[in-house]
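Everything below concerns the one structure shown next.
The values are calculated or read from the model by the stated rules, or taken from the named source; none is laboratory data. Quantities reported herein were computed from a predicted structural model and do not represent experimental measurements. Every residue, glycine as well, gets a Cβ built from its backbone with ideal geometry; the counts of neighbours run over all protein chains shown.
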Amino acid sequence: MPPRTRISEDMIVNAALDIIRQSGEECLNARTLARKLNCSTQPIMYHFSTIEQLKNKVYAQADHYHTEWLMRPSDQNDPLLQIGLNYIRFAAEQPNLFRFLFQSGYVREKNIREMIDSPELLPVLSAMQQGLQLSMEKTREVFLTVALFTHGYASIVANNDLESDEETIAGLLERALNGALMAAGMEE
């Protein structure tokens, strides 16, 4: 008899992430995961006592993947504009992951301030701070204004099969950014 393949925690998390990416968070359960891994549900339940525990682990991995996606280089010179466009591209190209990350209730932070201060956002804020040449506090203010606009647009794209016109989006994001920068400068 051939040796059994050991199902690792990483294999389970990666397979769960694939299921969410392809079919949505609502399709993730022990049976669909076991089917994808070609195993019984026993290895899944060995590593994760509940599906909620698994989803929390998958959420952390999806969040890391999302941060890497945001930091992808593009033809934009402005880092905030680049990050904003990448955020909307993510929503357009990965709508199930976008909904899982931002519309499923798995966000750990309890308010906007906690979200802006989260360690996962620091690479994004640092890149923006360098490009904008502002203090970190002013960068956070500008980010918040532009992020709310960007998130709204991305949500519409992710939930409505809306075509994404990057030229129009870039123009709108640039206007939002200029307004946020002007507001941050006027407060000084």
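Only one of PHE98, PHE48 is under 19 Å from VAL146 (Cα atoms) and either hydrophobic (A, V, I, L, M, F, W, C) or touching a strand residue (DSSP E or B) at 6+ places or on another chain (Cβ under 9 Å) (or both); which? Steps first, please.
Numbers: PHE48 fails: under 19 Å from VAL146 (Cα atoms).
Residue meeting the stated conditions: PHE98.
In this structure, does ARG6 turn out to be loosely packed, with under 14 Cβ neighbours inside 10 Å and either at pLDDT 95 or above or touching a helix residue (DSSP H, G or I) at 6+ places or on another chain (Cβ under 9 Å) (or both)? So that I can check it myself, show each step before the final result.
Numbers: loosely packed, with under 14 Cβ neighbours inside 10 Å: yes; either at pLDDT 95 or above or touching a helix residue (DSSP H, G or I) at 6+ places or on another chain (Cβ under 9 Å) (or both): yes.
Yes.
Identify the residue in the stretch 14-28 that is under 16 Å from the mean Cα position of the chain (by Cα) and acidic (Asp, Glu) and, among all such residues, is nearest to ALA158 (Cα to Cα).
Applying the filter and picking the extreme gives GLU25.
If you take the residues in the stretch 81-114 that are modelled with pLDDT under 85 and buried (at least 16 other Cβ atoms within 10 Å of the Cβ), which one is farthest from the chain's Cα centre (by Cα)?
Result: LEU81.
Could you list, in sequence order, all residues of the stretch 137-174 that are surrounded by 16 or more Cβ atoms within 10 Å (Cβ to Cβ), within 30 Å of SER23 (Cβ to Cβ) and more than 15 Å from the chain's Cα centre (by Cα)?
PHE149, SER164, ILE169
Looking at LYS55, LYS36 in this structure, which one is modelled with pLDDT of 90 or more, out of contact with any Ser or Thr (no Cβ under 9 Å at 6 or more places or on another chain) and crowded, with 16+ Cβ neighbours inside 10 Å?
Exactly one residue qualifies, and that residue is LYS36.
When you scan the stretch 95-145 for helices (runs of 4 or more DSSP H) that lie fully inside it, which ones turn up with 2 or more residues that are without any contact (Cβ under 8 Å) to a residue 12 or more places away in the chain and under 23 Å from GLN61 (Cα atoms)?
Details: elements: 95-102, 112-116, 122-132.
Counting at least 2 such residues, we get 112-116, 122-132.
How many residues does the stretch 46-87 hold that are assigned to a helix (DSSP H, G or I) and among the basic types (Lys, Arg)? Even if it seems obvious, please write down each step before you answer.
Of the residues in the stretch 46-87, the ones assigned to a helix (DSSP H, G or I) are 46-47, 51-70, 79-87.
Applying the additional criterion that residues be among the basic types (Lys, Arg) yields 55, 57.
Selection size over the stretch 46-87: 2.
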